[in-house]
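These notes concern the structure reproduced below.
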Amino acid sequence: MMNMTRDRAPMAPGGLPYDLSIWVDKCTLVKLTLEVTTEFASTVSRGAHPSPPLDDYPPAMLLTLMAYSYATGVFPSSEIERRTYQDDMARYITANDHPNRDVLRAFRRRWRVVIRECLVNLFVLVWQHRCAAASHDDGGRDDYPTVERGPALSPETMRLCLCEADQRIDRAVQYDSMELDE
């Protein structure tokens, strides 16, 4: 059963919480993020753009870090950079490496469409996982989280996921722009 405090957390306008770890624990969220970004990692690694690499950071790692950060409501590149030093999940994703804010901004500009698709797929998986978890009573077990799939999402929920992905990326751009203006 969901913790009432967690259920009342701030929600994005369409119904997803700003921090999806409110609906699924952070380990499960990282697992789902890795599952989603693995599908797109080859696209990013092949480099559809003939531009220089981003300071030798693995593109798949940057994609996972950005998707996870946006899914947990962390938008400014400077905050994402800081979390690679202080947050266990961000350190795990980056293998304790620390891409700086300029690398993160450049990656977002170059791979916005791929980040968006990853976020949409992640939102769908989290939604399905939450629905599946709500329909099961685990009897108090505290095992390593498994990823369960719930029912297919309605077209309205899919539109919500698409809109929410765009809004989160736009919010990240806005935060970074405001930071650069200071």
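The values are calculated or read from the model by the stated rules, or taken from the named source; none is laboratory data. The structure displayed is predicted, hence computed values, not measured ones. When we count neighbours, we look across all protein chains shown, and the Cβ atoms used for this are built from the backbone with ideal geometry, even at glycine.
Tell me which residues, restricted to the stretch 107-119, are of a type outside the set (D, E, K, R) and either modelled with pLDDT of 95 or more or buried (at least 20 other Cβ atoms within 10 Å of the Cβ) (or both).
Phe107, Trp111, Val114, Ile115, Cys118, Leu119
Report whether or not Ala60 is surrounded by fewer than 17 Cβ atoms within 10 Å (Cβ to Cβ) and either of a type in the set (A, V, I, L, M) or under 23 Å from Asn121 (Cβ atoms) (or both).
no
Could you run through the stretch 125-182 and say how many residues are closer than 23 Å to Ala67 by Cβ, surrounded by 12 or more Cβ atoms within 10 Å (Cβ to Cβ) and modelled with pLDDT under 75?
The number of residues fulfilling the criteria is 6.
Which condition number does Asp97 fail, the rest of (1) under 22 Å from Phe40 (Cβ atoms); (2) free of Cβ contacts under 8 Å to residues at least 12 places away in the same chain being met?
With respect to (1) under 22 Å from Phe40 (Cβ atoms); (2) free of Cβ contacts under 8 Å to residues at least 12 places away in the same chain, Asp97 is out only on (2).
Yes or no: Ile80 modelled with pLDDT of 95 or more, touching a Leu at 6+ places or on another chain (Cβ under 6 Å), part of a helix (DSSP H, G or I) and not basic (Lys, Arg)?
Considered against the rule, which asks whether it is modelled with pLDDT of 95 or more, touching a Leu at 6+ places or on another chain (Cβ under 6 Å), part of a helix (DSSP H, G or I) and not basic (Lys, Arg), Ile80 comes out as yes.
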